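These notes are about the structure you will find just below.
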Amino acid sequence: EFRPNDPMTRYEFAKIIKIAANLETDVNCTHEFNDLSPDSYFYSYVKTLVCKNIISERDRYYGYHNISRAEVSKILINVFGLEAVDTDIVSFTDVPKTNEFHKYIEAAKEAGLINGYGDGRFGPYYPILRQEMAKMTALATGYTEYGEAVGITFTVDKNSAYVGESITARAAIVD
């Protein structure tokens, strides 16, 4: 079950990004986490992101924590080679130029991956919902039609508030 209004965990997003970006696992790269063993289901996904310098190398991953909208924006910009440059543009009232994620959020806005909320906010530290993640990831891959893209099956969620624009990445979350 996709549960489009549920938040996305860091583990789930690691899996989706590895699949969506078609990232190869580097068998020569090793990294140990205090909270993730090599025999864990998510280990290869997280290790790949660390070894490709997509996420920061640290001793804990906190995989069951929710991933924020700002973190997803930064990862998508970096993974899909979109340019994030410092800019004086401030598109969202809650993402000032001094925000550590400002340039990534502005790059995601410029690329059409995000719109924010209708009241001028983005909610950078809110947990990203699965339907939001699916839309952003699909758009970052260049996917514009419902159907299949980069090995992930996307389906329209008929009950979503995002009907007509939201795409769910069910196969990337549930085997």
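Remark on SER68: its backbone amide H falls under 5 Å from those of ILE128, a criterion applied only to residues 5 or more positions apart or on other chains, H modelled at 1.01 Å from N.
Only sites in a loop by DSSP and with at most 10 other Cβ atoms within 10 Å count here; which trypsin sites (Lys or Arg not before Pro) in the range 34-129 make the cut?
Those that pass, being in a loop and sparsely packed, are ARG60.
In this structure the amide hydrogen of ILE55, modeled in the peptide plane, comes within under 5 Å of the amide hydrogens of VAL50, none closer than 5 places in sequence on its chain.
Heavy-atom accessible area with a 1.4 Å probe sorts SER40, SER73, largest first, into SER40, SER73. Site pair TYR64 and SER37 shows an inter-label distance of 1.5 nm when each label is modelled 7 Å from Cα along Cα→Cβ. Per-residue Karplus couplings for the range 39-48, computed as 6.51 cos²θ - 1.76 cosθ + 1.60 with θ equal to phi - 60°, are listed in order as 8, 6, 3, 8, 4, 5, 5, 5, 4, 4 Hz, Gly and Pro entered as x. Here the simple spin-label model places points 7 Å from the Cα toward Cβ, and for ARG3 and GLU83 these points are separated by 4.1 nm. Based on Cα contacts under 8 Å between residues 6+ apart, the range 53-109 shows a relative contact order of 35 percent. With N counted as the residues of the range 1-109, its alpha-carbon radius of gyration over 2.2 N^0.38 Å works out to 1.15.
The values are calculated or read from the model by the stated rules, or taken from the named source; none is laboratory data. Computed from a predicted model, the values in this text were never measured in an experiment. So basically every Cβ, Gly included, is an ideal-geometry build from the backbone, and we count neighbours across all protein chains shown. Surface areas here come from the heavy atoms of the whole protein model, side chains and all, with no ligands, DNA or RNA. Shrake-Rupley method; radii C 1.70, N 1.55, O 1.52, S 1.80 Å.
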